[in-house]
Amino acid sequence: MLYRINSICAVDLYEQLGDVEGRAAASGYLAVVRLFQGDATVARQIAVSGLRALRLSLAATSAQPYAEALVGLAHGHLRRCELDLAGARATQALELAREAGYRGFEGMALGVLAAIAARADDRAGAARLALESADILRERGFNLALAHSLIVHCEATGGASNGAEVETLLAEAADSFRSSAAW
């Protein structure tokens with residue numbers, strides 16, 4: 001809850017300061033928070049609003065706010081099972097995050113791509129993308145997104161032959177989720 005309140009305050013503050021890029025970044029973050037709280041419709045509205053403001057601003061010089069907002073849109077499309085749109089937005093976010101050197105949102109975009117691969121029954125692709133995502137998210141401390149990527153990996157690789165590995169990853173996912181529950 002605290003992250004949501006801080007994000008709302010940040011969006012308002014950036015708006016008052018006329019910092020379009022900051023507003024877009026805060027909107028992207030708030031969209032992800034709202035998405036993980038289960039409100040995909042509001043998350044999409046927030047992300048679209050931030051992107052529109054950024055597109056209208058000639059002062060935008062960084063790809064990072066776009067990447068943040070695109071990850072929020074990708075998650076929204078994924079939750080509505082719009083896999084083509086989710087994939088397009090996640091791919092855009094991944095490219096922009098890599099360009100900007102913003103590893104946390106690179107990891108989140110990879111997590112969306114992993115979930116898409118899992119839904120398309122590409123288990124090997126889902127497992128590879130989920131592990132790549134998890135490595136980045138673990139490094140950056142993005143615990144809630146890390147939990148999601150670990151769960152996708154377990155879904156993609158789960159089986160009797162690797163039960164101990166799945167159990168270990170699910171325990172880490174639970175710990176990551178608990179550590180992000182403060183908001």
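The values are calculated or read from the model by the stated rules, or taken from the named source; none is laboratory data. On a predicted model such as this, the values are computed, not experimentally measured, just so you know. No Cβ is skipped: glycine too gets one built from the backbone with ideal geometry, and neighbour counts run over all protein chains shown.
Within region 46-64, not a single residue is within 22 Å of residue 152 (Cα to Cα) and either modelled with pLDDT under 90 or buried (at least 19 other Cβ atoms within 10 Å of the Cβ) (or both). Residues that are within 19 Å of residue 78 (Cβ to Cβ) and assigned to a helix (DSSP H, G or I) within region 19-41 comprise 27, 28, 29, 30, 31, 32, 33, 34, 35, 36, 40, 41, listed in sequence order.
Contact annotation: residue pairs with Cβ atoms under 7 Å, 6 or more positions apart or on different chains, pairing a residue in region 163-183 that is within 11 Å of residue 143 (Cβ to Cβ) with a partner that is at pLDDT below 75, are 182/2; 183/1; 183/2; 183/3; 183/4. Count of region 142-173 residues, restricted to those that are of a type in the set (Gly, Ala, Ser) and within 13 Å of the chain's Cα centre (by Cα), is 3. Residue selection: residue 161 satisfies the criterion of being surrounded by fewer than 17 Cβ atoms within 10 Å (Cβ to Cβ), at pLDDT below 90 and not assigned by TED's automatic domain parsing to the domain that holds residue 67.
Comparison of 172, 167, 95, 155 shows that the only residue that is among the charged types (D, E, K, R) and under 24 Å from residue 28 (Cβ atoms) is 95. Of note, residue 96 does not satisfy the criterion of being surrounded by fewer than 24 Cβ atoms within 10 Å (Cβ to Cβ), within 12 Å of the chain's Cα centre (by Cα) and at pLDDT below 90. All told, residue 113 falls short of being in contact with a Phe, Trp or Tyr (Cβ under 7 Å, 6 or more places away or on another chain), touching a residue at least 12 places away in the same chain (Cβ under 8 Å) and buried (at least 17 other Cβ atoms within 10 Å of the Cβ).
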